[in-house]
Structures are given as C-alpha cells and as structure tokens.
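K.L.:
This is the structure I want to talk about, given as structure tokens.
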Amino acid sequence: MNFKRIISILLSLAVLCSLFVFPTSVYAAYDSNEVVEYALNQVGKSYSSGYCLRFVKECFNHCYGFTSSACCAYTYSTKFKDSSSKTNIPIGADVFFKGVASKCSTCGNKAGHIGIYVGNGYVVHATGGKVQKSKLSSIEAWS
C-alpha cells in the first residue's frame, strides 16, 4: 500500500468519526427559549388528539434535530424525568401528567400527558385536536 492511499484512508476515517461525534454538540447547544418560541407559535393550530408526546418531540426535533423515543408520555417520563418539582420548573422543560383513563397500546400503562413549560405557570400542549396554552393548574385538575 502506498503512502497516499494510507493518508486517504486515515482522512476518510477521521471524517466518518466526526459525523458520529457531531450530535453531542447539538445537546450542548440547547437553548430552551428556542423550543418555547416554536411551541408558542404552534398554539391554535390543529393537532391530532392523543398525540401530545408527538407534539413535544416535534418541537425539539424542529429546533435541535434530536428526539427521544418512547411509546407514551408515561414511559417517556420514567426514562427521562430528572426533577419532580412543581414549583421550580425550568423554562422549556417537559412537564408530565399522570394518566387517568387511556392506556398505551404498547406498554399497557396509563398513557399520561406531556407538554412544554413556557413560564408564568403555563404549558403548551397538544390536546383536544389542537395545540393549546393552558395554566398548569388547570391541566393538573383533569390529569
């Protein structure tokens, strides 16, 4: 093997490795205001009932190109939740609510509900066929 071929292979490997490292920098550059702005711009738009988790994933994917996978809001919350505070919620955080009736067809748990906290006690979430901005306390009352 000649020297130019070895250098070419090494450069190709370096480029290939950098492709796998890139997504981690997306997480580091997370700006919660961007996802909040996107979510607020969706308020009032139609959104299929029962797809609150899909809405939240769409917001994060649109802004950052990454999503986390789970079958329902309940499973998502058990995998990714890192706080249980109801009084000190960071702007742009996912907010999870206990399920009451509907069960997830994949895991069998009560599916739960999820939205994005946008500040001042409000959550943007997909429910009732559209994206809504609701007081956190009113969502807690029915979930």
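The values are calculated or read from the model by the stated rules, or taken from the named source; none is laboratory data. Only a predicted model underlies this, so the values are computations on that prediction, with no experimental measurement involved. Quick reminder, even Gly has a Cβ in these numbers, built from the backbone with ideal geometry, and neighbours come from all protein chains shown. In case anyone asks, the SASA skips ligands and DNA or RNA and just uses the protein heavy atoms, side chains included. Shrake-Rupley method; radii C 1.70, N 1.55, O 1.52, S 1.80 Å.
K.L.:
Run the quick spin-label model on D31 and I91: label points 7 Å from Cα toward the beta carbon, then report their separation in nm to one decimal.
P.N.:
Roughly 1.2 nm, to one decimal.
K.L.:
Peptides 121-127, 36-42: what's the order by average Cβ count within 10 Å, highest mean first?
P.N.:
Taking the mean over residues of other Cβ atoms within 10 Å, the ranking is 121-127, 36-42.
K.L.:
Starting from 0 in steps of 10 Å, tell me what percent of the Cα-Cα pairs of segment 96-138 lands in each bin.
P.N.:
For segment 96-138, the binned pair fractions read 28, 47, 23, 2 percent.
K.L.:
Heavy-atom accessible area per residue, segment 74-136, 1.4 Å probe: how many Å²?
P.N.:
Spelled out: the 1.4 Å probe surface of segment 74-136, per residue, equals 57 Å².
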